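Enquirer: Would you mind keeping the following structure in view while I ask a few things?
We did not get these values from a lab; they are worked out from the coordinates using the rules stated. Values in this document were obtained by computation on a predicted structure and should not be read as measured data. Because the Cβ atoms are built from the backbone with ideal geometry, glycine has one as well, and the counts that use them run over all protein chains shown.
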Amino acid sequence: MATNSCNEAYVVENGGLKGSSKEMRPGRTAHNMSSSSLRKKSDLALVSKVPCRCLRMLLANLQEVILGTKLSILFPAIPLAVVAEFYSFGRPWVFALSLLGLTPLAERVSFLTEQIAYYTGPTVGGLLNATCGNATELIIAIFALSQHKIEVVKYSLLGSVLSNLLLVLGTSLLCGGLANLRKEQKYDRRQADVNSLMLLLALLCHLLPMLFRYAGAPATPTADLTLNLSRASSIVMLLAYVVYIFFQLVTHRQLFEAQEEGEEDDNTASGEEAVIGFWSGFVWLVGMTLVIALLSKYVVDTIESASASWGLSVSFLSIILLPIVGNAAEHAGAIIFAFKNKLDITLGVALGSATQIAMFVVPLCVVVAWTMGIRMDLNFNLLETCSLALSIIVTAFTLQDGTSHYMKGFVLLLCYVVIGACFFVLRTPLTDQPNMNNLELKLSTEAVFRA
């Protein structure tokens with residue numbers, strides 16, 4: 001009773017809910033359901049006995065936001081990373097602690113966007129989730145762009161797509177198949193078909209700039225043409241993503257809403273109503289975004305030092321390690337729901353996140369680099385683009401029949417292992433991007449004069 005009265009006080013103090021009833025509550029997306037699997041139900045009985053209203057609200061918010069996740073044990077890594085940076089400890093330590101600190105922050109951002117959605121309604125909440133769903137990757141990419149580390153941007157975003165399509169989906173189908181050997185595993189093909197089409201469009205926009213460079217005559221300057229094609233393709237991709245969001249939130253929402261099937265477990269019960277107020281959620285969301293920005297800066301600043309110290313290439317750290325650690329919470333949630341034979345939620349997490357990265361974050365980075373005067377294109381080089389193409393095609397073939405078993409997941413997982421081994425042995429040094437751009441312009445100009 002004390003817990004319920006305390007929650008009711010928060011609602012009164014922060015404004016009424018929109019659609020908080022069972023009938024009007026907005027449908028929860030797969031991302032929300034995935035993150036909720038890692039949340040803990042908070043007992044506010046002790047907090048409700050605090051006489052001071054302001055202190056009671058502060059303690060309740062701290063308990064819900066900081067301690068309300070099973071990943072709260074990783075929060076101490078955040079101040080440790082700041083201390084390590086301030087006192088100039090080993091740069092690899094700063095890199096490792098920053099990655100660990102980003103793990104619970106990514107899950108908490110998903111939690112806070114869901115809480116805000118209870119007050120704003122399903123449409124605004126869906127837009128918030130679509131925007132903040134991969135906030136960590138976007139912030140890391142922007143900091144890397146500001147330091148002209150375009151390879152780090154491309155590697156990290158490519159790694160996010162590969163990890164979602166092969167690692168997360170493969171592990172989920174493998175574990176779900178083994179845990180449900182005597183059950184038939186089915187899922188709705190319609191959502192998978194839509195995401196596969198979007199990923200194939202993204203692949204086309206990546207392939208053309210790369211092929212454009214190889215298809216040109218030897219004496220023809222292609223740097224500027226490839227860049228212009230990439231920028232035009234990025235605008236097309238962003239336009240397609242806007243239509244995709246409209247399709248997902250308005251016209252065909254039922255395809256993307258996660259079905260809870262009336263289960264009364266703790267995780268579902270904890271997601272039935274808002275536990276913090278609108279303004280509290282907004283302030284926490286802004287604060288955690290700033291902390292993510294700080295840790296992202298540390299990651300970008302120290303990735304080369306960590307690469308040299310650990311004997312691992314920057315491409316391996318960016319493509320394999322960054323996506324695994326940064327999205328560990330979301331990935332774990334997808335696997336948990338696969339164990340429960342809820343593959344629609346698992347597919348919504350893996351394919352939805354891959355689509356968001358490929359169709360929104362990557363072209364947005366190209367446009368942002370354009371405004372910053374940085375020459376970033378969609379040419380991810382031959383090896384990286386082929387890895388992306390094979391991953392999308394293999395995933396599309398895997399999901400074409402609407403059923404699943406552990407062998408499909410095992411094959412996807414092996415594909416990820418082979419690609420990871422490829423980038424483990426690949427030792428491609430980072431280039432100085434401003435100098436590379438100047439060199440490309442110089443070579444293009446000389447080619448024009450020779451012609």
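Enquirer: How far apart, in nanometres, would the label points at Leu59 and Cys386 be if each is projected 7 angstrom from Cα along the Cα-to-Cβ direction?
Expert: Those two pseudo-labels are separated by 6.2 nm.
Enquirer: For the residue pair Leu312 and Cys422, what label-to-label distance in nm results when each label sits 7 Å from Cα along the Cα-to-beta-carbon direction?
Expert: Roughly 1.9 nm, to one decimal.
Enquirer: Now, a different point. Take the residue pairs Lys70/Lys297; Lys342/Lys408; Lys70/Lys183; Lys154/Lys297; Lys154/Lys342 and return only those whose Cα atoms are more than 21 Å apart.
Expert: As for pairs spanning more than 21 Å Cα to Cα, those are Lys70/Lys297; Lys70/Lys183; Lys154/Lys342.
Enquirer: Order the peptides 380-393, 238-251 from the highest to the lowest mean number of other Cβ atoms within 10 Å of their residues.
Expert: On the way: 380-393: 18.2, 238-251: 15.7.
Averaged packing, sorted descending, gives the order 380-393, 238-251.
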